[in-house]
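The values are calculated or read from the model by the stated rules, or taken from the named source; none is laboratory data. Since this is a predicted model, take the numbers as computed values, not measurements. With ideal geometry, Cβ positions are generated from the backbone for all residues, glycine too; neighbour counts draw on all protein chains shown. Note: accessible area is taken over every heavy atom of the protein model, side chains too, but ligands, DNA and RNA are not part of it. Shrake-Rupley method; radii C 1.70, N 1.55, O 1.52, S 1.80 Å.
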Amino acid sequence: MSNSTFLQKTLAGETSMGLQYCLPNGMCVQVLDEGVIRFEPNDASSSGLDLVVSCGIHGNETAPVELVEQLIERILRQELRVKSRVLFIFGNVAALRAGKRFVEEDMNRLFNRSPEVEDGPEKRRAMMLEMHVGRFFGSNTTPRFHYDLHTAIHGSLIEKFAIYPLPKPGCRFSATEIARLSLAGVETVLLQSTSSSTFSYSSNYKYDAHAFTIELGSARPFGQNTGIDLSKMDAYLSGLIQGQLPHPELIPPQVQIFRVSREIPKTSHDFKFAIDGKTDNFTPLAKGLTLAEDAGVPFVITEDDARIIFPNPDVPPGQRAGLVIVPARNYLAEQ
Ligand SMILES: [Zn+2]
């Protein structure tokens with residue numbers, strides 16, 4: 001076996017579908033696609049959970065990619081005993097090679113879509129990744145998890161936060177899952193209010209996985225991520241891989257939960273934020289503040305304890321220029 005890591009081989013274009021093989025400790029490995037690798041205990045029927053960990057859906061977000069690289073290598077060196085079924089995904093390999101967010105278009109807007117005639121590298125990869133996730137979960141009835149790991153290109157007052165996809169009709173946001181995220185060092189959760197085209201939304205909607213988009217700090221090139229502490233995420237994922245699923249009963253008091261109150265619509269080219277358009281995620285917005293003006297119409301904050309997230313005044317008219325979010329602990333209890 002060569003000394004380069006699975007990530008290095010992937011970036012060098014040396015990974016493609018291969019045959020399954022098993023290590024002396026009884027753990028079986030199969031490369032399913034470029035940058036996609038599956039591990040299973042040899043008696044997969046005894047596995048207690050199915051885990052998907054994806055990263056690099058945006059190619060410039062390298063801290064989680066380095067974390068996943070190390071998890072894979074520890075498994076291959078048999079330092080980590082695999083007792084769960086695990087699928088690791090390096091998402092946008094072409095963008096990872098280029099050190100860019102994407103090649104043609106933002107891949108995390110391309111999931112959960114009906115087939116269309118347009119083609120492109122990211123559209124094709126997103127479809128293939130959805131298919132790999134679907135095949136991986138198959139018809140197993142064990143608990144399903146998908147953590148899609150990112151770092152943010154935007155400044156944020158809160159370094160680590162998760163976006164919890166809107167549950168399917170008849171389903172609820174789960175306090176247990178939010179408590180589990182806190183064990184992974186993610187103590188802020190934003191509850192989504194609409195359907196979306198993200199990888200995590202797709203895994204929940206199509207495959208009933210507990211799925212989350214997780215932001216872990218700010219995006220930097222490979223080798224420059226020492227400022228991001230992923231030790232809790234590392235320990236949490238290592239535990240899941242070894243078949244240890246924690247069952248926390250309560251959400252710790254320091255965990256902050258938000259939900260979307262309103263989208264900030266951009267209807268015209270006259271749209272202007274009254275605040276700095278590059279303001280940090282989670283910046284508080286005072287009640288009564290005129291946040292933006294669009295073709296002479298003011299957008300006023302009417303909510304108590306509102307904050308802004310994902311502000312972007314440069315989107316085309318017809319899209320949203322950001323979200324106003326509000327605290328949602330009570331909402332979670334009452335849903
Ligand atoms: Zn991202």
*Going toward the positive end of the dipole of the chain, with +1 on Lys and Arg Cβ and -1 on Asp and Glu Cβ, which of T15, P121, F111 do you reach last?*
T15
*Classify segment 6-241: rounded, prolate or oblate, from the alpha-carbon gyration tensor (a ≥ b ≥ c, eigenvalue square roots; a/c under 1.5 rounded; otherwise prolate if a/b is larger than b/c)?*
rounded
_Qualifying trypsin sites (Lys or Arg not before Pro) in segment 62-91, DSSP loop, other Cβ atoms within 10 Å at most 12_ = R77
*Between R124 and Q70, take the C-beta separation as r, use R0 = 22 Å, and let me know the FRET efficiency to the nearest 0.05.*
0.15
_Sulfur and carbon atoms: percent of accessible area, segment 263-334 [1.4 Å]_ = 50
*asked:* Cross-link candidates for K278: which lysines have Cα within less than 21 Å, leaving aside residues fewer than 8 places away along the same chain?
replied: K100, K160, K266, K287
*Anyone know which of Q192, Q254, Q319 comes out most mobile in the 10 Å Cα GNM of the chain?*
Q254
*Per residue, in Å², the accessible surface of segment 6-241 once ligands and nucleic acids are set aside, probe 1.4 Å*: 40
*Which aspartates and glutamates does K272 reach when only Cα atoms under 13 Å apart count, and residues fewer than 8 places away in its own chain are ignored?*
E293, D294, D314
_Rounded, prolate or oblate, given the Cα gyration tensor of segment 29-146, with a/c below 1.5 counting as rounded?_
oblate
*Average Cα contact separation per residue, the chain, under 8 Å, 6 or more apart, as relative contact order %*: 16
*What is segment 263-334's relative contact order, in percent, from Cα pairs under 8 angstrom and six or more apart in sequence?*
37
*For segment 1-95, which whole-number percentage of the solvent-accessible area (1.4 Å probe, protein heavy atoms only) is attributable to carbon and sulfur atoms?*
47
*With all protein chains present and a 1.4 Å probe, how do S45, S261 order by accessible area, largest first?*
S45, S261
*Enumerate the calculated ³J(HN,Hα) couplings along segment 276-288 in order (Karplus 6.51 cos²θ - 1.76 cosθ + 1.60, θ = phi - 60°), each rounded to whole Hz, writing x wherever the residue is Gly or Pro.*
4, x, 9, 4, 5, 4, 6, 5, x, 10, 5, 4, x
_Apply the a/c threshold of 1.5 to the C-alpha gyration tensor of segment 124-183 and tell me whether it is rounded, prolate or oblate._
oblate
*Any idea how far the Cα center of segment 117-177 sits from the one of segment 303-325, in Å?*
22
*Estimated inter-spin distance, S231 and T176, nm [label 7 Å along Cα→Cβ]*: 2.9
*For segment 1-67 and segment 202-268, what is the separation of their C-alpha centers, rounded to whole Å?*
20
*Over segment 263-334, give the accessible area per residue in Å² for a 1.4 Å probe, as an integer.*
54
*For segment 204-248, state which chymotrypsin sites (Phe, Trp or Tyr not before Pro) are in a DSSP loop and have at most 15 other beta carbons lying within 10 Å of their beta carbon.*
F222
